[in-house]
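So the structure is just underneath, and the comments pick up after that.
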Amino acid sequence: MQPQWQGLGKVQFSKWQGLGNNYIVLHVEELPFELTPERVRLLCDRNLGIGSDGILLIGERSGPARFPLRIFNPDGSEAEMCGNGVRMVARKLKMEGLIEGDTVVLDTGAGEIIPKLGEGYQVTVDMGIARFGGEKLQGFDSDCIEESLNAAGRSFTFTFVDVGNPHAIIQSPWPLELVPLHEIGPVIEEHKYFPRKANVEFVKVLGEHDAKVRVWERGVGETRACGTGATATAVALVRTGQCISPVTVELPGGKLVVEVKPDWRVFMTGPAEEIYHGDLSLEFLAHLE
């Protein structure tokens, strides 16, 4: 069976990665179909589709260097923000000649995000001002700093950080390699404290400017890297006095450098690289109908 949109042109995509966190990147004007949850899940499937940690959908230009951006998790849900993803989008737009300078404004579910292109593959992102409470946290009347959380029969100490999406930063009671993340991560993700679910970071402090973390991403699972997770981790460690800015956060896929300002505005720097680009085949498109 040929897809109903045969003849409308090729459906082009590119695949990018930042510290091993990989995404399919698409332009909305090149898609002849809507990205439904079912289609997102198939595109992200590593056996039946392209395979990725999610999809970055770039909208039509809304200013000289301004674009809307939607972020889809591989389970079909949408995320407000993706720190690794916005770096990829910034470099892709520059490579395609769609921005002239070294900055771009991306309108995300977390608001206005401004990546700035650096040397080589490096991109620095103004992540906005971090918060320690708000509508994505319930059960606390003020900032949630080093509070108790019970999950999976255990008690943890956590700090809540909202950097456009919600994070529970947990001081790991185990060596990081022994954290039963696939057992505990899903439980904490859906804890009653987090009405919109939460990303979960288990962290070990290595020094006043260094930390190591494992991440359980909301709607994704464990990932090799998470830009917002590294950002939230650095903010939590500075807030609790365990680290001094800038903080280098080591993830399984590599390192990100996070600068935390006194007003809690955060800047995150890391790489973004294109892996490959191509066209979706007619045979695959038939499965998307």
Residues Glu274, Glu259, Glu250, Glu283: which one is within 18 Å of Gly54 (Cβ to Cβ) and of a type in the set (D, E, K, R)? Glu274
Which one of the conditions (1) out of contact with any helix residue (DSSP H, G or I) (no Cβ under 7 Å at 6 or more places or on another chain); (2) modelled with pLDDT of 95 or more does Ile24 fail to meet, given that it meets all the rest? (1)
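In region 7-15, is there at least one residue being under 20 Å from the mean Cα position of the chain (by Cα), farther than 23 Å from Glu60 by Cβ and at pLDDT 95 or above? Spell out the reasoning first.
Residues of region 7-15 under 20 Å from the mean Cα position of the chain (by Cα): 13-15.
Filter once more, keeping what is farther than 23 Å from Glu60 by Cβ: none.
No, there is no match, as no residue in region 7-15 is under 20 Å from the mean Cα position of the chain (by Cα), farther than 23 Å from Glu60 by Cβ and at pLDDT 95 or above.
Output the residue which, of all residues in region 262-289 that are assigned to a loop (DSSP other than H, G, I, E, B) and under 21 Å from the mean Cα position of the chain (by Cα), is surrounded by the most Cβ atoms within 10 Å (Cβ to Cβ). Spell out the reasoning first.
Let us first name the residues in region 262-289 that are assigned to a loop (DSSP other than H, G, I, E, B), namely 262-264, 272, 280-281, 288-289.
Within this subset, residues satisfying the condition of being under 21 Å from the mean Cα position of the chain (by Cα) are 264, 272.
Numbers: Trp264: 16, Ala272: 26.
Top of the filtered list is Ala272.
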Of (1) assigned to a strand (DSSP E or B); (2) farther than 17 Å from Tyr23 by Cα, Gly120 satisfies all except one. Which? (1)
Would you be able to say whether some residue in region 37-56 is in a strand (DSSP E or B), charged (D, E, K, R) and in the same structural domain as His277 (by TED's automatic domain parsing)? no
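Does Gly164 fit the bill of being in contact with a strand residue (DSSP E or B) (Cβ under 7 Å, 6 or more places away or on another chain), assigned to a loop (DSSP other than H, G, I, E, B) and buried (at least 17 other Cβ atoms within 10 Å of the Cβ)? Full working, then the answer.
Details: in contact with a strand residue (DSSP E or B) (Cβ under 7 Å, 6 or more places away or on another chain): yes; assigned to a loop (DSSP other than H, G, I, E, B): yes; buried (at least 17 other Cβ atoms within 10 Å of the Cβ): yes.
Judged against the criteria, Gly164 is a match.
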Per the filter on region 265-283, residues touching a residue at least 60 places away in the same chain (Cβ under 8 Å) and not hydrophobic (A, V, I, L, M, F, W, C) are Arg265, Thr269, Gly270, Pro271, Glu273, Glu274, Tyr276, His277, Gly278, Asp279
Over region 198-223, the set of residues surrounded by 18 or more Cβ atoms within 10 Å (Cβ to Cβ), over 11 Å from the mean Cα position of the chain (by Cα) and among the charged types (D, E, K, R) is Glu201, Lys212, Arg214
Which one of the conditions (1) touching a Gly at 6+ places or on another chain (Cβ under 8 Å); (2) not assigned by TED's automatic domain parsing to the domain that holds Thr108 does Gln4 fail to meet, given that it meets all the rest? (1)
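The values are calculated or read from the model by the stated rules, or taken from the named source; none is laboratory data. Predicted, not measured: the structure shown is a model, and the values here were computed from it. Reconstructed Cβ throughout: ideal geometry from the backbone, glycine too, with neighbour counts over all protein chains shown.
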